[in-house]
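Read-outs: derived from the displayed coordinates by stated rules, not from any lab. Source: prediction; values computed, not measured. We place every Cβ from the backbone using ideal geometry, glycine too, and count neighbours over all the protein chains shown.
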Amino acid sequence: MAEPRTLAQKIWDNHLVRRVGGQPDLLYIDLHLVHEVTSPQALEGLRDSGRKVRRPDLTLATPDHNVPTDDRTEPYADPLSQQQVSALRKNTADFEIPLYDTTDERQGIVHVIGPEQGVTQPGMVIVCGDSHTSTHGAFGAIAFGIGTSEVEHVLATQTLPQRPLKQMSVEVNGELPPGCTAKDVVLTIINRMGVGGGVGHVVEYRGDVIRALSMEGRMTLCNMTIEGGARAGLVAPDQTTIDYLQGRPQVATGDDWDAAVAVWRELVTDDGAKFDAELVIDGSEIAPYVTWGTNPAQSVPITESVPDPDEMSDPAAREGANRALEYQGLEAGTAIQDIKIDRVFIGSCTNSRIEDLRLAASVAKGKKVADTVRAMVVPGSGLVKKQAEEEGLDAIFMEAGFEWRDAGCSMCLGMNPDTLAPKERCASTSNRNFEGRQGPGGRTHLVSPPMAAAAAIAGHFVDVREVN
Amino acid sequence: MDPIKTVTGNAIPLDRANVDTDAIIPAKYLKRIERTGYGPFAFEAWRDDPTFILNNDAYSGAPILLAGDNFGCGSSREHAVWALQGMGVGAVISNNFADIFRNNSAKMGLLTVILAREDVEHLMARAEELPGAQITVDLETQTVSTPDGWSRRFEIEPFVKDNLLKGRDDISLTLANEGDIDTFETTRPTFLPETKA
């Protein structure tokens, strides 16, 4: 009998174009997502070498990082942003790559539109020049971020040479406590794993808490896999996955749908498959988490206080914490709930889907954003925006004093007009609290959408479990 | 990519763990559509601090960077590699690198050398004491050495080593076996999605 394999190993093996001793495996790429920031140099490289895009029909482009979310009138105020978006238009036209442009309601953050259109499916290998490509692992796919040289390789060959990854199991058992979301699950995991704990691995998320998550929750979870250092994370497909996909624009119908479902149901880790590393977390340990530092593992539950670096035994952790507190303008021992905020950002490829907006709206409904806070909600795609408006979520947010924006990466990364001013403090549903991530000198605290909405109303962090 | 055999010179001791690619090159500089010109903006935010190591002229133009654990974590931006190369760095030595950064470096001909933490710390202490102290990274022999006779061997995947030594473009290598791709494509299930609008 064949050696038991993990789900990730099976998908990997199914995509082997070429395996030669002493060389990385050559993997076939089923889907290549492209945005304006990491593609121009790659397409210029193709032009210079006279190469073509091998499979434009397996490639999908959209502008997201640079796109203003309030006024999309062109030319944009920033000529460099305009140049990048214009270059994407020219490149996709020249190389015949499908593009969801800013006037298309399907435009949005690459990691929102792939699943929404049904081009992200179980068992696939998916890449994009963006580290949060791990998001697509929610469907039981191997999905990972690549650099621009690798983007060029995929465009030219539809393949990528890769060394096999090590296998890690992260099992979250029991039940998700009330008031907690998938964001709190992943912040808890990264808190335990550390920001480098997953380097070299693909993570399979397992256990009852993971199984009970919706597809949107699984996307939030897999999205932040890279923040623990692992390049990809995935959840085996199940009925939740199948129900989400059925009827989406690019999903098969008829006999092809039946064939697809039959294949997807086989996508499981074999009993006895070996993992190189394992992490087990009990669901009862999960709480609404808030990051206090400048990496996503520097976090505590909302009921706790900013930790004291002097109590940390590891010298590197102590030094990192000291630097982080200085940057963040925080004192050890301050209760998290006493930290006042200036800005709130609900959006990003982590938390900008309809379910995220519903959760935030349920907290904001009938309340008012604190006078000292400027808060914005940025849907992940034009279609998320449309659906939210059909459900009346836009009215709830705007009546509460939130700004209601157009789709894009927005304040996640400081490449478009949505940025923090130096020393401004933000409760953010995004994925990175690195120094300067949301703008030079800006101070980021990562939280779930309901925690962000609750903080907007209170003007400081609050325990959303006590608000509801 | 130009072939690389050795990188020799003094080294910048950047003794911080988890240096992310946003710190190496902030997002606002990712709007260029070229691969060059990022060097002046490398580590920009940290340069406001007069005590930051790169503000010490003694390390200006040093071709080796000594880094802490998990160097290059975060974003997939290859611009981080371009920025380091733009400031003249040809090799980074750490006990651990983030995966995507390491891949990007290999494609661009930036050496990422893994040594034991204590060996990196030894080199850092030396570079702090003597900013001009020389280090040689020899790819062919897979060694890091100093003129006083200290030497350590490092591991590197033979395929990557060969590409770096020859300055080889791996797209050409893949296309040399394009028939394998054609064959694979005939086996793909028909239910898989396409992106056609």
Handout entry: Amide proton proximity set for A:Ala232, modelled H, under 5 Å, gap of 5+
Key = A:Val203
Fill in the blank from the handout: Counted neighbours (other Cβ, 10 Å), sorted fewest up, put A:Val344, A:Val377 in the order A:Val344, A:Val377
Fill in the blank from the handout: In order over segment B:160-175: 3J(HN,Hα) from phi, Karplus 6.51/-1.76/1.60, θ = phi - 60°, whole Hz, x for each Gly or Pro, gives 5, 4, 4, 4, 5, 5, 9, x, 8, 8, 7, 5, 4, 4, 5, 5
Exercise for the section: Taking just the C-alpha trace of the protein assembly as shown, give me its Rg and Dmax in Å. Expected result: 23.7, 73
Practice task
Please report, to two decimal places, log10 I(q)/I(0) for segment B:36-110 at q = 0.12, 0.16 Å⁻¹ as given by the Debye formula with identical point scatterers on the Cα atoms and no solvent.
Solution key: -0.31, -0.56
Completion exercise
Any residue on another chain or 5+ positions along whose placed amide H is under 5 Å from the amide H of A:Thr59 is listed here as A:His32, B:Thr195
Practice task
Give the Kirkwood hydrodynamic radius (Å, one decimal) of segment B:105-197, defined as one over the mean of 1/r across all pairs of different Cα atoms.
Solution key: 17.0
Handout entry: 37 °C / 0.692 mPa s Stokes-Einstein diffusion coefficient of segment A:191-345, Kirkwood radius on C-alpha pairs, µm²/s
Key = 177
Completion exercise
When A:His445, A:His111 are arranged by how many other beta-carbons sit within 10 Å of their Cβ, fewest first, they go A:His445, A:His111
Fill in the blank from the handout: Mean-square fluctuation maximum in Gaussian network of chain B, Cα pairs under 10 Å, restricted to B:Asp182, B:Asp148, B:Asp170, hits B:Asp182
Practice task
Please find, in a Gaussian network model of chain B (springs between Cα atoms separated by less than 10 Å), the residue of B:Glu128, B:Glu140, B:Glu118 whose mean-square fluctuation is greatest.
Solution key: B:Glu118
Exercise for the section: Compute the acute angle (0 to 90°) between the alpha-carbon long axis of helix B:117-129 and the principal axis of greatest extent of the alpha-carbon atoms of chain B; round to the nearest 10°. Expected result: 50
Problem - Computed over segment B:116-170, Kirkwood Rh from alpha-carbon pairs, angstrom - result: 12.6
Fill in the blank from the handout: Contact order relative to length for segment A:280-328, counting C-alpha pairs under 8 Å separated by 6 or more residues, stands in percent at 30
Handout entry: Among beta bridges that DSSP assigns inside the protein assembly as shown, antiparallel share in %, nearest 5
Key = 30
Fill in the blank from the handout: One can check that the equivalent ellipsoid of segment A:156-204, built from the alpha-carbon gyration tensor with semi-axes equal to the square roots of five times its eigenvalues, has lengths in Å, largest first, of 29, 13, 11
Handout entry: Semi-axis lengths, Å, segment A:342-407, gyration tensor of Cα atoms, sqrt of 5 times eigenvalues
Key = 18, 13, 9
Completion exercise
So, over other residues within a Cβ distance under 15 Å of B:Thr195, counting Lys, Arg +1 and Asp, Glu -1, the net charge is -1
Exercise for the section: Report the net charge of residues surrounding A:Leu99, where surrounding means a beta-carbon distance below 14 angstrom and charges are Lys +1, Arg +1, Asp -1, Glu -1. Expected result: -4
Practice task
Could you give log10 I(q)/I(0) at q = 0.14, 0.19, 0.22 Å⁻¹ for segment A:355-468, computed by the Debye formula over C-alpha point scatterers of equal weight, without solvent?
Solution key: -0.53, -0.99, -1.29
Practice task
Find the percent of Cα-Cα distances in segment A:18-62 that exceed 15 Å, and round it to a whole number.
Solution key: 59
Exercise for the section: For chain B, with a Gaussian network of springs between Cα atoms less than 10 Å apart, report the residue from B:Asp22, B:Asp48, B:Asp99 with the top mean-square fluctuation. Expected result: B:Asp48
Fill in the blank from the handout: Relative contact order of chain A (C-alpha contacts under 8 Å, at least 6 apart) in percent is 17
Fill in the blank from the handout: Given unit charges at Cβ for Lys, Arg (+) and Asp, Glu (-), the dipole magnitude of the protein assembly as shown about its Cα centre in debye, nearest 20, is 740
Completion exercise
Listing B:Arg32, A:Arg47 by rising number of other beta-carbon atoms within 10 angstrom, fewest first, gives A:Arg47, B:Arg32
Problem - Two-decimal Rg to Rh for segment A:275-338 - Kirkwood Rh, Cα set - result: 1.03
Problem - Listed residue (A:Gly229, A:Gln246, A:Phe275) projecting farthest to the positive dipole end of segment A:199-312, Cβ model - result: A:Gln246
Practice task
Would you kindly compute the Cα radius of gyration of segment B:1-144 and its largest Cα-Cα separation (Dmax), both in Å?
Solution key: 14.0, 40
Exercise for the section: Give the whole-number value, in cubic angstrom per residue, of the convex hull volume spanned by the C-alpha atoms of segment A:9-89. Expected result: 146
Exercise for the section: Using only atoms on other chains, find how many Cβ atoms lie within 10 Å of each Cβ of peptide A:219-232 and report the average. Expected result: 2
Practice task
Please label the shape of segment A:422-461 as rounded, prolate or oblate, based on the square roots a ≥ b ≥ c of the eigenvalues of the alpha-carbon gyration tensor (a/c under 1.5 means rounded; beyond that, a/b larger than b/c means prolate, else oblate).
Solution key: oblate
Exercise for the section: Counting only C-alpha contacts under 8 Å and six or more residues apart, can you give the relative contact order of segment A:1-109 as a whole percent? Expected result: 26
Completion exercise
Percent antiparallel among DSSP beta bridges confined to chain B, rounded to 5, stands at 45
Exercise for the section: Give the share of C-alpha pairs in each 5 angstrom bin for segment A:288-391, from 0 to the last occupied bin, in whole percents, shortest bins first. Expected result: 2, 11, 17, 18, 16, 13, 11, 7, 4, 1, 0
Practice task
Largest first and to the nearest Å, give the Cα extent of segment A:38-160 along each principal axis.
Solution key: 41, 34, 21
Exercise for the section: Could you list which residues have their amide H under 5 Å from that of B:Ile93, counting only those 5 or more apart in sequence or on another chain, with H placed in the peptide plane? Expected result: B:Leu65, B:Leu66, B:Ala67, B:Val113
Problem - Candidate lysines - alpha carbon under 19 Å from A:Lys166, same-chain residues fewer than 8 apart omitted - result: A:Lys10, A:Lys274
Exercise for the section: Give me a single rounded figure for B:169-178: the average over its residues of other chain Cβ atoms within 10 Å of their Cβ. Expected result: 6
